Every structure is written in structure tokens, then in C-alpha cells.
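Before any comments, here is the structure.
The values are calculated or read from the model by the stated rules, or taken from the named source; none is laboratory data. Note that the coordinates shown come from a computational prediction; the quantities given were computed from them, not determined experimentally. Here the Cβ positions follow ideal geometry from the backbone for every residue, glycine too, while neighbour counts run over all protein chains shown. For accessibility, only protein heavy atoms count, side chains too; no ligands or nucleic acids. Shrake-Rupley method; radii C 1.70, N 1.55, O 1.52, S 1.80 Å.
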Amino acid sequence: MANKNLNAAKAAKKDEFYTQYEDIERELQHYWQHFRGKTVLCNCDDPYESNFFKYFASRFNQLGLKKLICTCYNGSSIQGTQLSLFPEMNPEEPKRIAHKLVITEVKDMNGDGAVDMTDVEILIRNDKNVLTQLKTGDFRSPECIELLREADIVVTNPPFSLFREYVEQLMEYDKKFLIIGNKNAITYKEVFPLIKDNKLWIGVTPMSTDLLFEFPSQSVEDVLQNGKRGSTYRIVDGRILGRSPSIWFTNLDHNKRHELLDLVCRYSPEEYLRYDNYDAINVDKTSDIPCNYPGAMGVPITFLDKYNPDQFEILNANDFRKNNSVPCKQHGLIKDKDGAINGKPTYARILIRNKHPQQL
């Protein structure tokens, strides 16, 4: 039943798309120190097609990995049909079968003096114990939970429609992780408390970066005929890349998380309005955070890009579109029936406090 639900979620939410190798490489370069001697699990990744697998397999020795495990779920509509890392491999193998791929070492199999994906392909071809079949491949199944127990770090792009459940499982088994999720996940009731308690934070790639994913289920002809090229899709070298408001979530520490935010503004009651039902001032931009205000401040969600737990404390999060909290009406801001202020929509805010404010 779990795998049936996973397949239904994927079909309904169109969760199947691939992270680009360059985006993985750009983010992962900041975490190399965490991987030496560790077992890495990519449990939403068809080893034939996943760029996560390609990254870790090709850098297995550089990272000093102990083991790499990749799994894909049973019934994947794109398994073995797109983005294949090994196009000549197992051409007669039935599609839509869950696999587990386990690598414990990568040697120079072809004797060319280098270790790369060619050697990984030879390894898989010649060692029948490396690639084996799973019952379902669902990350919630008993067989995959056993793999999760074994892993030290989980790195993948899980189904967005199951993101809450996926994160809950990672926390339940106390795993280190680096995963991709929708930006809106920040406000999920299952996720924000983890951010507040410093159990989960944003990765190094800025939230403003436009991550593009490959959509293998969409043909170039369909994109062109239906006018989807442009704001939603791009066609690059015959590949269909779709834009998604996505960011990296992790509990692996990185240097950016400890950079001090340079505060150049100073508080004045005329410039910083107060909310009418919460004791906090409104700050429209992270760059406008006053250096000398000791109380609660409502800042944009994008503040998390600059969040340093040594400098700030996260107090709460309010979606002011839902709880009708707006800057005080005495300053001439009128909220209309749609929750907009002077015709402009209000936005979710994170409530923070400066741990070391200058004197007022």
C-alpha cells in the first residue's frame, strides 16, 4: 500500500524530475569534510539515471566514502528510459523494477590510470552483487528503512508531495542529510519548528537561485506545441529543464551558516512599523534589519539565507495572510478584504531577535 501511495503521489504531483549535476556539484563542494569514512544513502535515486549517484560514484575515492547505496522505487515511469548513465547496459532488462545499488570501492577497472564513471560501469557489469532487486523501493518500506539505519548521511531529491513524511523519517532515525525541497516547506508545521530549534537549516545555494530540473516525461514537441517554453520550461541541447522554487535543506554544518550579517541600519519608530497583534516591528528586507533593536522583528523568509544562530534567535513564524496581523493601522495602512495592505499583498514573516544588539 505504501508503494501504491507513493506512485499515486508521484503521478498526481509530477514529482519525477532530475536534479542537474552542476547544481549537486555546486552545493556538495561545501560539505566534503562530512563524508570521509561515511555510508551515503540516495534513497530516491534510480542508479541508472540519478545525477546524485553519478556524483558520489565518480567521487567515491575523493570523498573517502565507506559505502554508497542508491535505491529507486518500484513502478517508476521513467526508470531506464531517460538520462541513462550507462546507455548500453542491460538493454533487455525489464523496466519499472526497484533496484538497490551498493558500492564499497571503485578501482581503475580499465587500467587507464584514472577512476571515473567508466570504471563504475565495468564494476556493475561484472559484479552481480552490486546491483540487486528490491521489493518496492519505497523509502518507507522495511527493506529501505534497514538501509536508512545503516546510512550515515542521506543525500537526494525526495518527492515534494511526500516531503513532510520524508523529513519526519529522517528525524525519527536521527540522520544527517542534505536534500532538496520546495521553498514553501519552510512554513510547514512539521518543518519550521526544526528550523527554529536549529535541527534543520538552509544550504549554501542562495534561495534566490533558480534551480532547474530535467523533466524526462515531457517531450520537446509537447513543450513547444503547448507554449510551455519560457517561464516554466527551458529547452537546452534537446533537454527540457523546468523551473521549480526549490532550495537545499540540511543539518550538515557549513561555513556560510556562521558568517556575520553586517547590520548598517538603526531603529526608529517612524521607519519600522509595529504589528497590530504581535509585539514586533516589521522589517521588509533582510538588509534593513536594525543593528540596535533588542526586541522581536518580523523579517522575510529569505532571511534564512543569512541566518547565523550565533547572531540571531528565531522566535516564531507567522503567515500574516492567515492571521490578519498587519502593521499598525495608526500609520495609515488599511487592510482590505483580501488581506492586502493599501492594495499590496502581505507576506509570511519569520520572527527573530538579535542576540547582540547595539544600544538604542
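Around the amide H of F249, modelled in the peptide plane, lie the amide H atoms of I179, I180, G181, G203, all under 5 Å away and 5 or more residues distant in sequence or on another chain. Rounded to the nearest Hz, the phi-derived 3J(HN,Hα) couplings of region 173-188 under the Karplus curve 6.51 cos²θ - 1.76 cosθ + 1.60 (θ = phi - 60°) are 9, 6, 9, 6, 7, 9, 9, 9, x, 5, 4, 5, 4, 4, 8, 4, where x marks glycine and proline.
Going from most exposed to least, what order do Y166, Y233 have by accessible area with a 1.4 Å probe?
Details: Y166 0, Y233 30 Å².
Sorted by accessible area, descending: Y233, Y166.
Across T302, T132, the residue with the most accessible area heads the list, and the full order at a 1.4 Å probe is T302, T132. Solvent-accessible surface (1.4 Å probe) assigned to C72 amounts to roughly 10 Å². At the residue level, H34 shows approximately 40 square angstrom of accessible surface with a 1.4 angstrom probe and all protein chains present.
Using the Cβ atoms and a cut-off under 13 Å, what net charge is assigned to the surroundings of P294, where Lys and Arg are +1 and Asp and Glu are -1?
Details: positive: R266, R353, K355; negative: D279, E313.
So the environment of P294 carries a net charge of +1.
Just how much of R125 is accessible, in Å², when a 1.4 Å probe is used and the result is rounded to the nearest 10? Counting only protein heavy atoms, the figure is 120 Å². Shown in residue order for region 40-48 are the 3J(HN,Hα) couplings computed by the Karplus curve 6.51 cos²θ - 1.76 cosθ + 1.60 at θ = phi - 60°: 9, 10, 10, 9, 9, 9, 5, x, 5 Hz (x for Gly and Pro).
Can you put D174, D310 in order of accessible area, largest first, using a 1.4 Å probe?
Details: D174 135, D310 90 Å².
So, going from the largest accessible area down, we get D174, D310.
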